[in-house]
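The values are calculated or read from the model by the stated rules, or taken from the named source; none is laboratory data. Just so it is clear, the structure is predicted and the values come from calculations on it, not from any experiment. Here Cβ is always computed from backbone atoms with ideal geometry, including for glycine, and neighbour counts include all displayed protein chains. These accessible areas exclude ligands, DNA and RNA; they are computed on the full protein's heavy atoms, side chains included. Shrake-Rupley method; radii C 1.70, N 1.55, O 1.52, S 1.80 Å.
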Amino acid sequence: MDDLPVGPSVPGWEPAPPPTHEAVRGHWCRLEPLAREHAEALHAAYEEDDGRLWTCMPWGPFSGPVELAKVIQWIAAQPDWQGYAILTPGGVPQGMACYLRIDPPNGVVEVGAIAYAPSLQRTTAATEAMFLMADRAFTAGYRRYEWKCDALNAASRAAARRLGFTYEGTFRQAIVYKGRSRDTAWYSILDREWNSLRPGFVRWLDPANFDSGGRQSTRLQDLIASPEV
């Protein structure tokens, strides 16, 4: 039996605690625990969207703040989820994102239910929100950080690659949502990979990397492709 292949040992491994569910501020955005009080401002921000934002989401578009508040309450009731509102420097919620399937015994957590209003999309704050969530998870001791999306969602897949996630494969006919079958593309970042990726994010998010018009001097892809160790 000793000659059977097994995975590497994890000496001293202890289950990771749940990520702390508290506000955190970066240079470009603030994350705070998602609450029904965010529903009105979030709904107003989402109204800028033409409906495409919700194509690959299990819910939405919403008829009004009350309907959105019900989803926020549902998220809060899930034992292995943590929801966050994403606020821009003006203090107005412009999006939300969640930890899903928090698995402390195995040190695994997924980021998902990401819904950015048009005003937040393709902004520095949007990237920083994902950095802050990943950094909190790895700081808490998680070994694996997951990103899953509809395999047909080209924008989500491009975002995962830009943020340094590694594609692992596609689960065919994984779920049914909104009456449609979904193949799910899986991506991940491991703790040892984050140690290399993190310095590049920090350098990119530094205000010195942007001019007075908000234009970047160096692309994120260039910094995390060859990070300083």
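Here are the numbers:
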| item | result |
| --- | --- |
| Single condition residue 67 does not satisfy, out of (1) open to solvent by less than 30 Å² (accessible area, probe 1.4 Å); (2) assigned to a helix (DSSP H, G or I) | (1) |
| Selection within region 81-139 - among the β-branched types (Val, Ile, Thr), in contact (Cβ under 8 Å) with a residue 60 or more places away in the chain and not in a loop (DSSP other than H, G, I, E, B) | 102, 109, 124, 127 |
| Members of region 121-177 that are under 25 Å from residue 16 (Cα atoms), of a type in the set (Ser, Thr, Tyr) and touching a Ser or Thr at 6+ places or on another chain (Cβ under 8 Å) | 145, 166 |
| Selection from region 94-119 of residues that are open to solvent by 10 Å² or more (accessible area, probe 1.4 Å) and within 17 Å of residue 37 (Cα to Cα) | 94 |
| Qualifying position, being buried (at least 16 other Cβ atoms within 10 Å of the Cβ) and outside any helix (DSSP H, G or I), among 147, 194, 204 | 147 |
| Residue check for residue 160: open to solvent by less than 70 Å² (accessible area, probe 1.4 Å), assigned to a strand (DSSP E or B) and at pLDDT 95 or above | no |
| Failed item, numbered, when residue 213 is tested on (1) out of contact with any Ser or Thr (no Cβ under 9 Å at 6 or more places or on another chain); (2) modelled with pLDDT under 95; (3) surrounded by 14 or more Cβ atoms within 10 Å (Cβ to Cβ) | (3) |
| Count - residues of region 21-55 that are open to solvent by 30 Å² or more (accessible area, probe 1.4 Å) and either in contact with a Leu (Cβ under 8 Å, 6 or more places away or on another chain) or outside any loop (DSSP other than H, G, I, E, B) (or both) | 15 |
